[in-house]
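Visitor: First the structure, then my questions, so here it is.
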Amino acid sequence: MGVESIVVAPKDTPASSHVEAADRRITVDFEETSAIPPDQLPGILEQAGADAAHLGYQGQPEMFELASAAEKADVAVVGTDLDVLGALTDQATLWAAAERSHVRTVHDAEDQTRPREIGVLVVADSHGKTTAIAETDRSLSIAEHALIHETPSPELLFRSDGEAFRMALFESARRLAAELRYAGLLEVTFHIDPPGLFWMSEVKIGLPRHHTLIEMSTGVDLVGLQLRIASGEPIPEELQSVEPRGHAIDVSILALDQPDAVVASYSVAPAPHDRLRATSSATVGLPLPVDDRPLIAKLSAHAPIRHQALLSMDRMLAEMRVDPFATNVQSLRRILGDHAFRAGQYDRETAVRFAAG
């Protein structure tokens, strides 16, 4: 896109992979274990001559402080909005927005038995247009880490009314995004019970960590799209009719021990970029970045049908090497080979069973 990228890095810290990939870097005296001090951000942005700031994967309180500092410096913030961040931080405000947009929430649900968890990615621009482009099944999650994402959701693949159900989810997500008046990428997560009722559980704004999965399925460059919307461009016409193709799956490779160890080796078998992708901040000779731990990498596979995507992922996992960490690779391979998983029969409670071995 011809956009220069400038990364902010702690002073006297060896350059990790994302620092090496940037066009320029600015070093600042702050602890690697914490976010950039908000009071330093305006000076950093002025030094960089930046038109926009992307604040990465911060917690919401840290994101709010950094976004406030960037806006005071009159610099556009990509992927966030102060008013919407405030609404998402206050659950009562979010529930009220959902009620106004006629979207049921988990706050309204008395009993949820073995729910699925499905996120819908919505794109909204500053001209009042919104469109939902894909759903992601994220039921297999432990704590804050989703072990496996899939798109499309097997739940919708195997339902006789799957397409109608998808449209209902998409429309609910679109209405809520419009009510929040947010411009950018927004993921609305729903809990779905076996009879087919659904409730909104949370909303996250910005680039989702599993964006490679959706990019492979839709062919949409979500990073580029995010930048265009932040600069005031409308949603491209072709995005209104995007049709996901095939099946995509991604997995999270986690360090199960010594997450502060120095990476001795990291390798993934070479493969066509449109079929297999590996994203990682692991750099040989350096520890894992503090704000990523225990995440080592995310692997994504895409194929015409689900079964092929699962086989490709299993082979990718079998050939991956990362030392000296004990990882969840074998656990993930066990899930991929499980008969119930292959039949698409899993939910949020299944993840606990898989984790227990």
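Visitor: Just to confirm my filter: which helices (runs of 4 or more DSSP H) fall fully inside region 1-77 and include at least 2 residues that are farther than 24 Å from Val223 by Cβ?
Guide: 41-48, 60-72
Visitor: What is the one condition in (1) surrounded by 14 or more Cβ atoms within 10 Å (Cβ to Cβ); (2) assigned by TED's automatic domain parsing to the domain that holds His191; (3) in contact with a strand residue (DSSP E or B) (Cβ under 9 Å, 6 or more places away or on another chain) that Ser101 does not satisfy?
Guide: (3)
Visitor: Among the residues of region 257-294, which ones are at pLDDT below 90 and not in a loop (DSSP other than H, G, I, E, B)?
Guide: Answer for region 257-294, where residues must be at pLDDT below 90 and not in a loop (DSSP other than H, G, I, E, B): Thr279, Ser280, Pro287.
Visitor: For region 98-124, which positions are more than 15 Å from Phe190 (Cβ to Cβ), in contact (Cβ under 8 Å) with a residue 40 or more places away in the chain and out of contact with any Ser or Thr (no Cβ under 9 Å at 6 or more places or on another chain)?
Guide: Result: Arg100, Thr113.
Visitor: Sticking with this structure for a sec: Out of the residues in region 190-209 that are out of contact with any Phe, Trp or Tyr (no Cβ under 7 Å at 6 or more places or on another chain) and within 21 Å of Phe165 (Cβ to Cβ), which is surrounded by the fewest Cβ atoms within 10 Å (Cβ to Cβ)?
Guide: Pro195
Visitor: At pLDDT below 80, within 20 Å of Lys204 (Cβ to Cβ), out of contact with any Asp or Glu (no Cβ under 7 Å at 6 or more places or on another chain) and part of a helix (DSSP H, G or I) - does that describe any residue in region 89-99?
Guide: There is at least one residue in region 89-99 that is at pLDDT below 80, within 20 Å of Lys204 (Cβ to Cβ), out of contact with any Asp or Glu (no Cβ under 7 Å at 6 or more places or on another chain) and part of a helix (DSSP H, G or I).
Visitor: Let me ask something else about it. Name the residue that is surrounded by the fewest Cβ atoms within 10 Å (Cβ to Cβ), counting only residues in region 128-152 that are in a loop (DSSP other than H, G, I, E, B) and out of contact with any helix residue (DSSP H, G or I) (no Cβ under 8 Å at 6 or more places or on another chain).
Guide: Glu144
Visitor: Still on this structure, I have one more. Within region 39-85, work out how many residues are of a type in the set (S, T, N, Q), closer than 19 Å to Leu185 by Cα and in contact with a strand residue (DSSP E or B) (Cβ under 8 Å, 6 or more places away or on another chain).
Guide: Selection size over region 39-85: 1.
Visitor: A follow-up question, please. If you take the residues of region 191-211 that are of a type in the set (D, E, K, R) and either within 21 Å of Val77 (Cα to Cα) or in contact with a strand residue (DSSP E or B) (Cβ under 7 Å, 6 or more places away or on another chain) (or both), which of them is modelled with the lowest pLDDT?
Guide: Looking at the filtered set, the residue picked out is Arg209.
Visitor: Among what's in region 189-232 and is charged (D, E, K, R) and not in a loop (DSSP other than H, G, I, E, B), pick the residue that is nearest to the chain's Cα centre (by Cα).
Guide: Lys204
Visitor: Would you confirm whether any residue within region 19-40 is over 19 Å from Thr283 (Cβ atoms), outside the structural domain of Gly285 (by TED's automatic domain parsing), touching a residue at least 24 places away in the same chain (Cβ under 8 Å) and surrounded by fewer than 12 Cβ atoms within 10 Å (Cβ to Cβ)?
Guide: Yes, some residue in region 19-40 is over 19 Å from Thr283 (Cβ atoms), outside the structural domain of Gly285 (by TED's automatic domain parsing), touching a residue at least 24 places away in the same chain (Cβ under 8 Å) and surrounded by fewer than 12 Cβ atoms within 10 Å (Cβ to Cβ).
The values are calculated or read from the model by the stated rules, or taken from the named source; none is laboratory data. Everything quoted here is computed from the prediction, not taken from an experiment. No Cβ is skipped: glycine too gets one built from the backbone with ideal geometry, and neighbour counts run over all protein chains shown.
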